[in-house]
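Colleague: Got a structure here, written out as structure tokens. Questions coming.
Just so you know, all these numbers are worked out from the coordinates, no wet-lab data involved. Predicted model, so just to flag it, every value in this text is computed and none were measured. Note: ideal-geometry Cβ built from the backbone for every residue, glycine included; neighbour counts use all protein chains shown.
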């Protein structure tokens with residue numbers, strides 16, 4: 001248990017500062033959005049403007065989680081195995097940490113979104129909406145999907161040379177676009193009334209995490225990283 005806590009503690013280094021800086025940036029963007037919408041509403045109350053921080057918050061959360069995933073597999077992994085030389089424990093820690101931070105991040109995001117929207121909406125008398133159609137479970141799958149994509153990108157960065165890494169990203173993006181186009185044409189897309197984070201996440205998350213493990217399970221220490229292609 002102490003080894004597990006040590007691993008999580010090591011992986012946490014540097015990420016706390018990143019999260020705090022991201023939160024400050026998000027609050028600043030929220031303030032700008034409120035001022036713009038409040039000014040529009042003040043000039044014309046029939047403008048149809050609606051105060052909703054949800055879209056901005058979920059996009060911001062997904063970007064931050066993706067960045068955390070890249071940091072974990074592309075940077076923290078190399079530092080950990082250089083010191084403790086235990087790839088299996090590190091990978092277990094990365095997967096556990098990703099699950100924990102995704103769950104906590106999603107819950108905090110929705111709680112913060114609800115409190116902020118309700119408070120400012122009532123005080124300013126702006127029309128407001130706390131959430132849109134997606135549920136807590138769907139947000140959680142989006143969060144896990146985002147961090148798993150980040151983990152795969154970080155693993156590719158750790159193993160490949162820069163040119164090969166860029167080429168690999170382009171290939172992955174092309175495959176992702178083609179798969180999504182096929183998904184849109186499938187009967188599942190109609191049955192789910194569009195994009196379903198739960199369906200897509202259930203398939204993509206294990207695949208991305210599995211590829212990350214394959215790339216890093218026998219990876220060298222940080223000094224000899226980028227040893228593929």
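Colleague: With angles folded into 0 to 90 degrees, how steeply does helix 87-124 sit against the dominant principal axis of the chain? Use alpha carbons for both and round to 10.
Modeller: Computed tilt is about 10 degrees.
Colleague: Rank-order 76-83, 197-204, 21-28 by packing density, defined as the average count of other C-beta atoms within 10 Å over each peptide's residues, highest first.
Modeller: 76-83, 197-204, 21-28
Colleague: Report relative contact order for the chain in percent, whole number only (criteria: Cα-Cα under 8 Å, sequence separation at least 6).
Modeller: 28 percent.
Colleague: If packing is taken as the average count of other Cβ atoms within 10 Å, what order do 173-183, 59-69 fall into, highest mean first?
Modeller: Ranked from most to least packed, the peptides come out as 59-69, 173-183.
Colleague: So if I take the centroid of the Cα atoms in region 73-105 and the same for region 143-185, what is the distance between those two points in Å?
Modeller: 20 Å
Colleague: To the nearest 0.05, how large is the calculated FRET efficiency for residue 8 and residue 42 if R₀ is 45 Å and r is the Cβ-Cβ distance?
Modeller: 0.40
Colleague: Still on this model: Which angle from 0 to 90°, rounded to the nearest 10, does the C-alpha axis of helix 54-71 make with the longest principal axis of the chain?
Modeller: With both axes taken from Cα atoms, the answer is about 10 degrees.
Colleague: Now, a different point. Show me 88-100, 206-218, 141-153 ranked by packing, highest mean number of other Cβ atoms within 10 Å first.
Modeller: Peptide ranking by packing, descending: 141-153, 88-100, 206-218.
Colleague: Please compute the contact order of region 12-128 in relative form: average sequence separation of alpha-carbon pairs under 8 Å and at least six residues apart, divided by the residue count, as a percent.
Modeller: Dividing the mean separation by the residue count of region 12-128 yields 35 percent.
Colleague: While we're looking at this one, here's another question. For the pair residue 125/residue 164, report the inter-label distance in nm, with labels modelled 7 Å from Cα in the Cβ direction.
Modeller: Going from the residue 125 label point to the residue 164 one covers 6.5 nm.
Colleague: Also, quick follow-up: Relative to the longest principal axis of the C-alpha atoms of the chain, give the angle of the C-alpha long axis of helix 162-185, reported between 0 and 90° and rounded to the nearest 10°.
Modeller: Value to nearest ten degrees: 50.
Colleague: So what is log10(I(q)/I(0)) for region 51-183 at q = 0.14 1/Å, when the Debye sum runs over its Cα atoms only?
Modeller: Each listed q maps to, in turn, -0.75.
Colleague: Quick one: if you stick a label point 7 Å off each Cα along the C-beta vector at residue 24 and residue 185, how many nm between them?
Modeller: Those two pseudo-labels are separated by 4.9 nm.
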